[in-house]
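The values are calculated or read from the model by the stated rules, or taken from the named source; none is laboratory data. Keep in mind the model is a prediction, meaning the values are calculated, not measured. We place every Cβ from the backbone using ideal geometry, glycine too, and count neighbours over all the protein chains shown. Ligands, DNA and RNA are excluded from the accessible area calculation, which covers all protein heavy atoms including side chains. Shrake-Rupley method; radii C 1.70, N 1.55, O 1.52, S 1.80 Å.
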Amino acid sequence: QDDEKWDFVLVSNIHEVGSEKEIKRKKFLDELSKKGFTIKKIEDKKLFYGVRAPKRIFRKYQWLLRNPDSRLQNPDAHQDIPVTTRIRIVNFILQNTVTPDLEKLPSLMKKKVFEATFPLHEKEEVREFLKQKWARWRDLFCQQPIEKIRCYFGEKVALYFAWLGWYTYLLGIAALAGMVVFVAGITVFSSSQVSKEICEASDTIMCPLCDQKCPFWLLSDTCTYAKVTHMIDNVGTVLFAMFMAIWATVFLELWKRQRATVVTNWDLYRWDEEEEELAMELINNLQHEPQQYQHSYFRSTIILILVLAMITVLIGIAHALVIYRVIATALFTQSDFEFLREQANTMAVMTGAVLHYITIVIMTKVNRRVALYLCDLEKPRTFSQRENNFTVKIFTFQFFTNFSSLIYIAFFLGRINGHPGNYVRIAGKWRLEECHPSGCITDLFIQMAIIMLLKQTISNVMEYLVPWLAYKLRKKRQCPKKRSVMLGEEEEAEDPCKRQWLSNYQLNEVNVFSLFDEFLEMVIQYSFTTIFVAAFPLAPLLAFCNNLFEIRLDAIKMMRLSRRMVPRKANDIGIWLQVLEAIGILAVIGNGLVIAITSDFIPAQVYKYTYSPCMAENSTGVDCLTGYINHSLSVFRTRDFEPHTQPGLAPTGLCRRYRDYRNADDYSYTVQFWHIFATRLAFLILFEHVALCVKLIAAWYVPDVPQSVKNEFLDRKHSSLRKELRWVMPPKV
């Protein structure tokens with residue numbers, strides 16, 4: 001019967017006869033034998049145990065769940081049950097088989113009794129099709145064979161790729177809109193009145209950017225920077241931010257429809273995960289008692305406190321990045337290199353962004369450990385509950401890791417640094433950074449661009465190279481053994497299973513979080529694409545290009561470089577949908593704040609409609625923003641500098657400073673400041689209410705479930721009730 005398929009392979013080191021590990025291994029395999037499992041042993045450098053479950057286990061499963069997998073009425077047929085369901089049941093039994101010492105497979109693997117356990121990549125038609133038509137770089141723009149993916153990897157993986165394909169497809173529209181806004185910004189690169197005024201301000205002397213040795217400087221020196229700022233910060237950006245808020249809602253609503261259609265075709269729309277789990281428990285052990293639902297307020301409070309403590313640490317890291325940028329700016333301004341002195345602020349922001357990326361890479365690993373530890377403290381009832389809890393925690397931690405620094409740049413940079421003569425300082429020494437005279441949005445643009453580019457190049461290259469190199473190295477280690485076997489004269493005929501089991505063992509290990517990692521990566525990318533998109537209109541385009549490669553990268557990893565994943569049944573993407581909806585709301589808030597606070601859009605509009613020359617009579621032919629820059633700069637007397645600062649010599653007794661609306665005599669806020677502040681607040685409330693209303697209307701307008709799916713269920717119910725009624729109706733005479 002060796003030609004039959006084996007459900008799972010267990011791998012163990014060759015232990016000494018009579019050793020504790022060998023006894024534990026024997027006890028576990030004996031338990032499987034008692035359950036009717038067929039076990040085959042092959043010895044190489046390791047011990048390989050192939051296990052095959054008895055047919056009665058699958059008959060029980062089909063009978064208990066009247067499984068839609070089994071279309072035929074004869075439950076005895078071995079082919080009735082799909083390979084994915086078969087692997088899932090066998091994996092459940094393996095994970096939950098208890099030895100006389102009350103140990104299960106996970107604890108035996110921790111004690112190194114078994115080294116690995118995996119289902120096999122079979123040389124079947126579906127696999128060859130997926131390798132040829134899906135897991136190849138040249139199929140970049142081809143549609144994915146979701147049905148075939150489901151047949152080989154199960155519903156959960158198929159739904160991930162269906163979601164990723166749909167997300168990428170709709171990202172194309174957002175990318176196009178972002179490109180239009182960006183190109184429109186480039187076309188007005190030199191025509192903005194604000195940037196013209198900055199470029200012509202050759203007599204406007206600005207306060208030094210640092211305390212020691214920094215000269216006074218001319219506003220016109222930053223002409224190019226001002227043009228770049230206006231390229232990003234214009235009316236088109238406001239419209240694009242509103243568009244992306246609606247796009248996020250429409251994307252999710254259309255995904256719900258897509259998912260409903262897909263799972264209805266799979267007969268899983270009303271599938272009950274809890275019922276499935278209870279059925280598996282009973283098949284494994286008829287005496288099994290279900291674990292009751294429990295909730296402990298004390299435990300929840302402890303978890304909450306620990307989560308808040310972790311968030312505090314992550315915000316602390318963001319503060320450390322701020323301090324780095326402050327000190328780096330001070331050092332760069334005193335550098336011997338002229339380029340570093342002139343571009344001190346930009347260089348500090350760019351090196352800070354690279355440092356931020358490094359902290360993201362490191363903290364991702366730390367966050368995972370902490371989230372897993374917190375999940376163990378919670379003691380969830382089922383695996384899916386544990387996965388949901390883990391998802392919420394790791395996403396929260398990752399969100400703060402990725403966005404704390406961006407939130408500081410967007411909403412605090414240049415707003416909490418005081419003013420000349422009274423700067424806010426770190427440790428009483430280094431003064432906080434200031435925004436550029438043309439606004440803070442370019443700093444946010446640089447930070448977003450660097451992080452997204454690094455994440456999508458270095459991270460993706462590593463994601464592919466590390467498994468590829470690991471696979472090649474493992475394969476190379478096995479080759480010398482193989483050659484010596486071939487040369488052996490009295491070598492017995494090699495078992496046909498041996499080569500297959502060895503080649504599967506050489507592949508990279510997968511675990512329950514392999515698919516989770518892919519989801520997390522995409523959801524964080526979705527956050528970057530929507531939350532601060534007002535500052536970086538190219539984010540959807542970068543995400544779109546990345547995802548085209550990501551789909552094939554994941555496919556190649558799963559098909560060619562990794563062991564076969566244990567298929568899991570699912571009828572949706574789980575708690576990720578709620579996470580995506582939360583991101584949609586954060587996107588409205590984030591973009592509203594970027595336009596109201598970070599962007600110069602509001603101050604410019606207030607000036608245009610209140611203080612500009614257009615408000616005076618006979619002002620035809622005058623640009624309404626004429627005089628805006630002069631209006632937004634406050635006057636400062638050089639004699640009021642703090643005693644310990646040594647600014648360079650000023651040609652006059654006055655210098656001007658961007659963005660603070662302060663009186664010249666006592667440096668208190670002017671009426672204009674409060675006028676702009678009130679307008680910012682009013683715009684923020686208006687923008688968010690309008691955007692959220694539009695989101696709600698879009699959610700109502702696009703039904704979650706297509707009519708075709710509803711009608712199909714209606715017809716099924718109707719025909720089922722008619723059949724039932726036939727048994728009751730008396731026969732016609």
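Could I have the simple spin-label model distance between LYS569 and GLN334, label points 7 Å from Cα toward Cβ, reported in nm to one decimal?
A separation of 6.9 nm, rounded to one decimal place.
State the volume of the convex hull built on the alpha-carbon positions of the stretch 8-120, expressed per residue in Å³ and rounded to an integer.
Details: hull volume 11.8 nm³, N = 113.
In the stretch 8-120, the Cα convex hull volume per residue is 104 Å³.
Using 0.36 nm per residue, how much length does the chain from SER708 to GLU20 gain when fully extended, once their Cα-Cα distance is taken away?
241.6 nm
Just add up the charged neighbours of PHE601: K/R +1, D/E -1, any other residue whose Cβ is under 10 Å from the Cβ of PHE601. Walk me through the numbers before you get to the answer.
Working: positive: ARG680; negative: ASP233, ASP600.
Within the 10 Å Cβ shell, the charges total -1.
If you add up the charges near ILE441, with Lys and Arg at +1 and Asp and Glu at -1, over every other residue whose beta carbon is less than 9 angstrom from its beta carbon, what do you get? Provide the component values of the computation, followed by the final result.
Values: positive: none; negative: ASP233, ASP443, ASP600.
Net charge in that neighbourhood comes out at -3.
Quick one: which of LYS35/LYS111; LYS55/LYS498; LYS35/LYS110; LYS123/LYS710; LYS55/LYS112; LYS110/LYS498 span more than 28 angstrom between C-alpha atoms?
In this structure, LYS123/LYS710; LYS55/LYS112 exceed 28 Å between Cα atoms.
If you fit an axis through the alpha-carbon atoms of helix 297-333 and take the longest principal axis of the Cα set of the chain, what angle between them do you get, 0 to 90°, nearest 10?
40
Given [x] 84, 73, 52; [y] 98, 81, 55; [z] 103, 59, 59 as candidate values of Cα extents along the principal axes in Å, which corresponds to the one derived from the coordinates?
Here the calculated entry is [y].
Suppose each label sits 7 Å from its Cα in the direction of the beta carbon; what would the GLU277-LYS475 distance come out to in nanometres?
3.9
Show me, for the stretch 267-280, the HN-Hα J-couplings you get by feeding each phi into the Karplus relation (A = 6.51, B = -1.76, C = 1.60, θ = phi - 60°), rounded to Hz, glycine and proline as x.
6, 10, 4, 9, 5, 10, 5, 5, 4, 4, 5, 5, 4, 5
Simple spin-label model, 7 Å along Cα-to-Cβ: LYS55 to GLN294 in nm?
4.2
Can you tell me, using C-alpha contacts under 8 Å and at least 6 residues apart, the relative contact order of the chain as a whole percent?
On the way: 874 pairs, mean separation 152.6, N = 733.
Answer for the chain is 21 percent.
Please give the per residue accessible area of the chain, computed with a probe of 1.4 Å over protein heavy atoms only, in Å². Mind dumping the intermediate values first?
On the way: 36680 Å² over 733 residues.
Spelled out: the 1.4 Å probe surface of the chain, per residue, equals 50 Å².
Work out, step by step, the length gained on full extension between THR312 and GLN258: first 0.36 nm times the residue separation, then minus their alpha carbon distance; give nm to one decimal.
15.5 nm
Once both axes come from the Cα atoms, what is the angle between helix 539-556 and the longest principal axis of the chain, in degrees from 0 to 90, rounded to 10?
In the chain, helix 539-556 runs at an angle near 20 degrees to the longest axis.
Find how many whole Å separate the alpha carbon centroid of the stretch 290-344 from the alpha carbon centroid of the stretch 657-700.
For the stretch 657-700 versus the stretch 290-344, the Cα centre distance is 27 Å.
Dipole of the chain (Lys/Arg Cβ +1, Asp/Glu Cβ -1, origin at the Cα centre): which of SER335, PHE189, LEU29 lies farthest to the positive side?
Toward the positive end, the furthest listed residue is LEU29.
Excluding same-chain residues fewer than 8 positions from LYS227, which lysines have a Cα within less than 27 Å of its Cα?
LYS196, LYS608
For the stretch 148-179 and the stretch 412-479, what is the separation of their Cα centres, given in Å?
28
Need the C-alpha centroid separation for the stretch 578-607 versus the stretch 253-270, integer Å.
33
Could you calculate the contour length gain from ASP376 to LEU696, that is, 0.36 nm times the residue separation minus the distance between their Cα atoms, to one decimal place in nm?
111.4 nm
What FRET efficiency do you get for ARG425 and GLU200 if R0 is 25 Å and r is their Cβ-Cβ distance, rounded to the nearest 0.05?
Calculated value: 0.15.
Would you mind checking the radius of gyration and Dmax of the stretch 182-256 based on alpha-carbon positions, in Å?
Spelled out, the Cα radius of gyration and Dmax of the stretch 182-256 are 18.7, 60 Å.
Would you mind telling me the share, in percent, of accessible area of the stretch 8-120 contributed by carbon and sulfur at probe 1.4 angstrom?
Carbon and sulfur together cover 54 percent of it.
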